[in-house]
Amino acid sequence: IITTPASAAVSSVVCFLCLLMIKIHLLPLICYTVLCLESALCCASSLPNNSKLVQVQVVHRHGDRTPITPMKNEEVWKGVLPEKEILEKISKGTKVLREGEEMAHGASGFGCWGKLSSLGVLQMIKLGDRLREDLHSINGIFSTDQLKTQNLRVVSTDFPRTIQSVQCLLVGLFPDGVPNGECIEIDVRHTNKMIPDPQPRRYKLQEDLEKELAMHPDIIRKEEEMYDLAVQVSKALVDVLADGASAVSFGIGEEKEGVNDSNVPGVNAAKPLPWGQLSEITKCLRVRNLLPVEISHEMQEKISEHAAWRWFSMLRHPILSSIAMDTMVSEIIQNAHKGRDGNEEFYPLHIYSAHDSTLIGLMCALRLEQPSQWPEYASALKIEIFEVECEEENNSSGFKRIRRYCRFSLNDTILSCTVGGASSEAVCLDELSSVLYSCRNGIEV
């Protein structure tokens with residue numbers, strides 16, 4: 001199993017862990033454990049002084065939206081949507097690349113539900129403006145006039161709110177507008193690979209794991225503790241939910257089997273709504289001071305915290321985290337490797353417009369530390385790729401090897417990565433690739 005030199009102590013630990021994993025049917029994790037133990041020295045607590053930024057990849061959540069769950073007082077919610085003229089203006093200079101019809105998903109919403117709000121438009125323009133300032137201020141590829149459309153690749157899930165969100169971001173990124181004759185393509189052909197809960201799931205193993213993890217004793221115990229709150233809040237929402245509310249289905253480990261009819265009547269007060277749905281409804285109501293009097297801000301915060309705990313608890317599972325976001329993680333890693341020989345198509349800036357579930361899925365798959373808060377609207381996970389000249393050991397010729405390092409941050413707060421076995425601010429790209437690919441390749445889905 002071990003193919004590189006390792007100390008006797010590490011070898012003994014590895015052998016013990018391997019035997020233990022085989023015994024408890026966790027053989028796919030062996031490669032990950034071995035590589036983590038042996039790659040710890042390739043991580044850095046901080047970046048060297050001679051590091052040079054060569055690429056930035058940004059994965060952002062869409063801006064503020066209306067509830068996905070249908071509500072009463074529909075006219076009130078229509079009133080928070082941006083005018084048609086605004087949407088036409090922000091789409092200028094962009095082209096959506098799509099194959100076939102729009103993506104169907106329980107969280108996409110219908111009518112005025114699940115749509116980007118006027119507040120969301122402002123949030124995303126501000127994010128684009130802040131990103132432009134950050135890219136121009138750091139020492140690297142964007143320190144001069146290099147922020148051009150040909151240096152940019154944009155990908156989005158095929159949801160109206162994510163497409164419009166990235167169009168707004170581009171307004172802030174290019175305040176003078178896209179140059180005449182140029183067009184920024186927004187690729188929406190990869191939705192199922194950008195969310196951890198596609199409908200249906202891409203792998204049977206993921207379906208089985210979600211059901212299994214939902215019955216884990218820790219989850220069950222916590223659900224029992226929170227049950228009365230779920231019932232209380234669900235009852236308080238009955239008078240504001242429209243018909244079809246109970247038909248909405250999305251989320252890791254929470255999707256309702258066989259519920260697809262949008263005409264299903266409102267919520268059954270005796271059975272609480274799923275946590276993801278409770279969180280999204282109460283969040284949208286709270287932003288607009290529309291929470292029912294029976295639901296306090298403290299109750300809403302507890303709901304959001306529990307929903308976040310549930311998502312992170314399930315997606316932290318080493319196998320689920322490896323398969324739920326495997327394709328997107330692979331693309332991010334491949335992007336980071338490109339441009340070394342000058343013969344590949346290389347984009348210094350990648351922008352992915354997605355969802356909170358995308359950010360959580362990626363943070364778990366990339367083994368990043370858990371943030372203190374749920375990723376709010378317009379949150380951005382930034383992946384910075386740096387090049388560092390490193391002298392090879394036992395090298396008398398003075399040849400220097402170029403290594404690439406990854407640094408991760410959420411809303412400008414650095415997130416440590418534990419892929420190397422220790423918490424590190426920066427991780428070697430080669431080692432990150434090796435660990436993640438080896439872990440994923442050992443799993444039969």
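The values are calculated or read from the model by the stated rules, or taken from the named source; none is laboratory data. Computed from a predicted structure; not experimentally measured. Every residue, glycine as well, gets a Cβ built from its backbone with ideal geometry; the counts of neighbours run over all protein chains shown. Accessible surface is based on the protein model in full, side chains and every heavy atom, while ligands, DNA and RNA are left aside. Shrake-Rupley method; radii C 1.70, N 1.55, O 1.52, S 1.80 Å.
Surface calculation, 1.4 Å probe, protein heavy atoms: Arg153 sits at approximately 60 Å² accessible. Here Lys302 is the anchor, and the aspartates and glutamates within straight C-alpha reach of less than 13 Å, apart from those fewer than 8 places off in the same chain, are Glu223, Glu225, Asp228, Glu280.
Note on Glu294 and Asp239: the extension gain reaches 18.6 nm, defined as 0.36 nm multiplied by sequence separation minus the Cα-Cα distance. Please tell me which of these pairs span more than 18 angstrom C-alpha to C-alpha: Lys84/Lys126; Lys84/Lys193; Lys52/Lys382; Lys95/Lys148; Lys92/Lys148? In this structure, Lys84/Lys126; Lys84/Lys193 lie more than 18 Å apart at Cα.
Residue order by solvent-accessible surface for Cys390, Cys183 is Cys183, Cys390, largest first, with ligands and nucleic acids left out and a 1.4 Å probe. Could you compute the FRET efficiency for Glu212 and Lys72, with r as their C-beta to C-beta distance and R0 at 60 Å, rounded to 0.05? Computed FRET efficiency for Glu212 and Lys72 comes out at 0.95.
Here the peptides 421-430, 48-57 are ranked by packing, the mean other Cβ count within 10 Å, and the order with the highest first is 421-430, 48-57.
Taking Cα centre as origin and charging only the Cβ of basic (Lys, Arg, +1) and acidic (Asp, Glu, -1) residues, the dipole magnitude of the stretch 94-176 rounds to 80 debye.
Here each label is just a point 7 Å from Cα along the line to Cβ, and for Arg189 and Tyr227 those points are 4.9 nm apart.
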